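Below is one structure, written out as structure tokens, with a few remarks after it.
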Amino acid sequence: MNALPREVLKWLQSLDLSISVKNPKWDYSNGYLVAEILSWYHPKEIKIHCFNNGTSIQSKLLNWNLLETFFKNKNYAIDRDVMEGTIHCKSAAAEVLVEQLYTTLTNRPTYRLTPRSHTFNDLSYQSKLPLHARATASTAIKNNLANTELETGPDTSHLMNKTQHIISLHQQHRQNQRLQDPDRFGIKPTLGEIRPKMKPESNQKDRNGICQSNQENVQFAEIKVKQSGRDLPASHMVGVKEKLNNDMFGTYQPTIKLGETNGYSAVAQHSR
């Protein structure tokens, strides 16, 4: 009961329950105490004589079926996974259930520095142990999968999914161990981790999308190109024009020499 907030403990003591709670994980698992708490607020809907204070899985399921129906009729925000964790005596599930009942019935919040998690497993306990004493995969399945879950499971695939989820959490926990203590597991750094980090060059783009990088080191040189044969004499052009005018059959095609480089000449041919 030390895991419950102080205001919740005072609230439970004020109800004057018939059973003294010593271990919440076991005392709340059959649902009898939950029904007794609800009977103080709803005496007409909850009849305590309809509930069995037994420890068998059949008694637990009958009691919790009645409670689940009552929660649905009243629209109480009691999570299904919290109820299942309480039935199967999962660690911290009963405490979460009592806090949700306190908030729902009294309309008062519970004050915690860190919110409770609804993943009821022993990872928090395993993280406190030394590395050589932590559970293996088979031990993790044994610790986090109760025998009552095997008896009440709807089908084999449902149990396989639960088992696979436990194994996945265990593998993730082992990977975190390797990252925290690489020397213990003999993990060597990769080539990418060994090489020195190079600072990338900063490239900026102007409005036209042209990449500008280290413009202060760029030098530009002006290139002048002389095109020979472009400036033809006027007499040559007059002679070509006269030949075109006197050509009656249209067979004359004048050519203009543009220039000559490395013994090759460039010629432009006029077509009409």
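The values are calculated or read from the model by the stated rules, or taken from the named source; none is laboratory data. This one's a predicted model, so the numbers in the text were calculated from it and none came from an experiment. Here the Cβ positions follow ideal geometry from the backbone for every residue, glycine too, while neighbour counts run over all protein chains shown. In case anyone asks, the SASA skips ligands and DNA or RNA and just uses the protein heavy atoms, side chains included. Shrake-Rupley method; radii C 1.70, N 1.55, O 1.52, S 1.80 Å.
Note on surface exposure: Met160, Met83 rank Met160, Met83 by accessible area, highest first, 1.4 Å probe. Tell me the carbon and sulfur percent of the accessible area for the stretch 26-154, rounded to whole percent, probe radius 1.4 Å. Its accessible area is 53 percent carbon and sulfur atoms. Spin-label pair Ile194-Lys44: with each label point 7 Å from Cα along the Cα-Cβ axis, the two points sit 8.0 nm from one another. In this Cβ point-charge picture (+1 for Lys and Arg, -1 for Asp and Glu), the stretch 23-138 has a dipole of about 120 debye about its Cα centre.
How would the stretch 1-106 be classified by its alpha-carbon gyration tensor: rounded, prolate or oblate, with rounded meaning a/c under 1.5 and the a/b versus b/c comparison settling the rest? In terms of gyration-tensor shape, rounded. Packing here is the average count of other Cβ atoms within 10 Å per residue, and on that basis the peptides 176-186, 100-110, highest first, run 100-110, 176-186. Over the stretch 149-190, accessible surface divided per residue gives 78 Å², non-protein components excluded, 1.4 Å probe.
In the context of the full protein assembly, Arg80 retains an accessible surface of approximately 120 Å², using a probe radius of 1.4 Å and ignoring ligands and nucleic acids.
Which pairs break 29 Å Cα to Cα here: Lys10/Lys74; Lys44/Lys162; Lys74/Lys128; Lys72/Lys142; Lys47/Lys142? Checking Cα-Cα distances, Lys44/Lys162; Lys74/Lys128; Lys72/Lys142; Lys47/Lys142 exceed 29 Å.
Accessible area per residue of the stretch 1-90 at 1.4 Å probe, in Å²?
Working: 5070 Å² over 90 residues.
The answer is 56 Å² per residue.
The label-point distance for Ser138 and Ser91, in a model that sets each label 7 Å from Cα toward Cβ, rounds to 2.1 nm. Distance from the Cα centroid of the stretch 148-188 to that of the stretch 44-97 is 28 Å (rounded to whole angstrom). Placing pseudo-labels 7 Å out from each Cα toward the beta carbon at Gln175 and Tyr125 gives an inter-label distance of 2.5 nm.
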